[in-house]
Amino acid sequence: MSLTHTDDQGRASMVDVSDKPATVREARASAFVRMQPATLALIRENGLKKGDVLAVSRIAGIQAAKQTANLVPLCHPLALSKVGVEFELQEEPAGVAIETYCKLSGQTGVEMEALTAASVAALTIYDMCKAVDLSMVIENVSLLEKSGGRRGHYVRAKDETKQP
């Protein structure tokens, strides 16, 4: 297997997707923000001074997916048709599980958009809660599933990641 983002001399190069057929492409990604139980309680009660942590983090994740090509140098700008960001508050271990979803009909996949959405949603949770908990950890940023395109359907096996 060879890297797709290098030319024949090994230099960074944007992939030419002009000959690829447009297909429906979807991706799901996840991240987990581990935190103190008291921090999780504040999120649940909407008790943080910066406001509704999950609402702001959802918007941040959606915006991030739409800006992926500006953040990751060799990504193509994509016309996303759907971006979703969902949260699950978990008691043990205490934290917020994030799952993102991106979809489009196009010539290249949306894995990076889904991963970027999960990462930025996690960073936003950290930013909004850091005044009360600097010990938070962002972990397990992972691609869960992707479909469409030449490589077909991929689903992460349960044992490939240690999601809480």
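Per-residue accessible area for Ser119 at 1.4 Å probe radius, Å² rounded to 10?
40
Would you kindly find the accessible area of His76, with a 1.4 Å probe and non-protein molecules such as ligands, DNA and RNA excluded, rounding to the nearest 10 Å²?
40
In nm, to one decimal, how far is the Val15 label point from the Arg44 one, both placed 7 Å along Cα→Cβ?
4.2
Please give the calculated 222 nm ellipticity per residue for the chain, where each DSSP H segment of at least 4 residues contributes -39500 (n - 2.57) and the sum is spread over every residue; nearest 500 deg cm²/dmol?
Taken over the chain, the calculation gives -8500 deg cm²/dmol.
Using alpha-carbon pairs under 8 Å, 6+ residues apart, how would you state the relative contact order of the chain in percent?
35
Indicate the gyration tensor shape class of the range 1-70 (rounded, prolate or oblate), computed on the Cα atoms with a ≥ b ≥ c the square roots of the eigenvalues: a/c under 1.5 is rounded; otherwise a/b larger than b/c is prolate and the rest oblate.
Since a/c reaches 1.5 and a/b is larger than b/c, the shape of the range 1-70 is classed as prolate.
If you only keep lysine pairs separated by 8 or more in sequence, or across chains, how many in the range 1-156 come under 22 Å at the Cα atoms?
Close lysine pairs under the 22 Å cut-off: 12.
Considering the convex hull of the alpha carbon atoms of the chain, report its projected area averaged over all viewing directions, in nm², one decimal.
Over all viewing directions, the chain projects a mean Cα-hull area of 10.6 nm².
Treat each spin label as a single point 7 Å out from the Cα along the C-beta direction, and report the Glu88 to Val24 distance in nm.
2.4
The values are calculated or read from the model by the stated rules, or taken from the named source; none is laboratory data. All values reported here derive from a predicted model rather than from experimental measurement. Positions of Cβ are backbone-derived with ideal geometry, glycine not excepted, and every protein chain shown enters the neighbour counts. The area values use the complete protein model at the heavy-atom level, side chains included, leaving out ligands, DNA and RNA. Shrake-Rupley method; radii C 1.70, N 1.55, O 1.52, S 1.80 Å.
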